[in-house]
Structures are given as structure tokens and as C-alpha cells.
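**Student:** Got a structure here, written out as C-alpha cells. Questions coming.
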Amino acid sequence: MKGEKIPDQNHIARFCRPWQVHEEQIQATAFMLREGEEYLSVNWLEFLNCSNRENEITKLRTIYSETFTVGARAKKGYIRNSQVVKSLQTQRHKRFVSNS
């Protein structure tokens, strides 16, 4: 699955840090590359092959809790893949221009 192209109409999820949430809304920064990251680490919801979004989120919570400690304030954000791709392309362009 690593490196596989996710269809634009599919959805991805990412574990969000508490400061990436404002008034119960996941901020766009949660889906941007972090310092030192070469790629965005996400979970492909449709890949989980669940019957609905609620079951996908439940399965994702299980995966996260098995992988690392999930605190009480932890949030999981999900978004359509095409929105993140567009944002990352803009972010890369800005980094390239600012480093020139």
C-alpha cells in the first residue's frame, strides 16, 4: 500500500495533534507535510473495506491504538484525497519558490 496512488474521490485520514484542532474543527495544517517529511503519512479509508464511514473510523481507532498511545485529546481528521493533493502541490510550490 505504501506509495500506491489513492484515487482522488477516495478519502484519507490522519492522526492530528491537539493544536491542529480549533473549536472542534480539524485545521488544514493537519494534512500538510511536517518538517522533515518527504511524504504525507495517511490511512486510506476505502482500503479498509468497511461498509460505511462510521465502521471505517472505528477500525481506524483500533489501528491507531495498536500503533501508538492515543491521548484523550487526540483527533482524527479525514478528507477527500483530491483536496490534500491540491494543498500539497501548492505547499511544495511555495517551498520551492521560497528556497530559490
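Where a number appears in this text, it was derived from the coordinates with a stated rule and is not lab data. Since we're looking at a predicted model, the values are computed, not measured. Virtual Cβ from ideal backbone geometry, glycine too; neighbours counted across all protein chains shown.
**Student:** How far apart, in nm, are the 7 Å Cα→Cβ label points at LYS59 and GLU46?
**Tutor:** 1.4
**Student:** Taking the highest mean first, how do the peptides 53-62, 8-17 order by number of other beta carbon atoms within 10 angstrom per residue?
**Tutor:** The densest-packed peptide leads the list: 8-17, 53-62.
**Student:** Here is a follow-up. Taking H placed 1.01 Å from N in the peptide plane, check which residues at least 5 places from HIS11 or on another chain put their amide H under 5 Å from its amide H.
**Tutor:** Residues meeting the amide H criterion: LEU45, GLU46, ASN81.
**Student:** On to the next question. Packing-wise, with mean Cβ within 10 Å as the measure, how do 39-46, 18-25 rank, highest first?
**Tutor:** Going from most to least packed, we get 39-46, 18-25.
**Student:** Could you run the Karplus curve 6.51 cos²θ - 1.76 cosθ + 1.60 with θ = phi - 60° over segment 65-72 and give me ³J(HN,Hα) per residue in whole Hz, x for Gly and Pro?
**Tutor:** These are the phi-based 3J(HN,Hα) values: 5, 7, 8, 7, 6, 9, x, 4 Hz.
**Student:** Another question, if that's okay. Quick one: net charge of PHE47's neighbours, Cβ under 10 Å, K/R +1, D/E -1? Each step should come with its number before you reach the end.
**Tutor:** Values: positive: none; negative: GLU4, GLU46, GLU56.
Its environment carries a net charge of -3.
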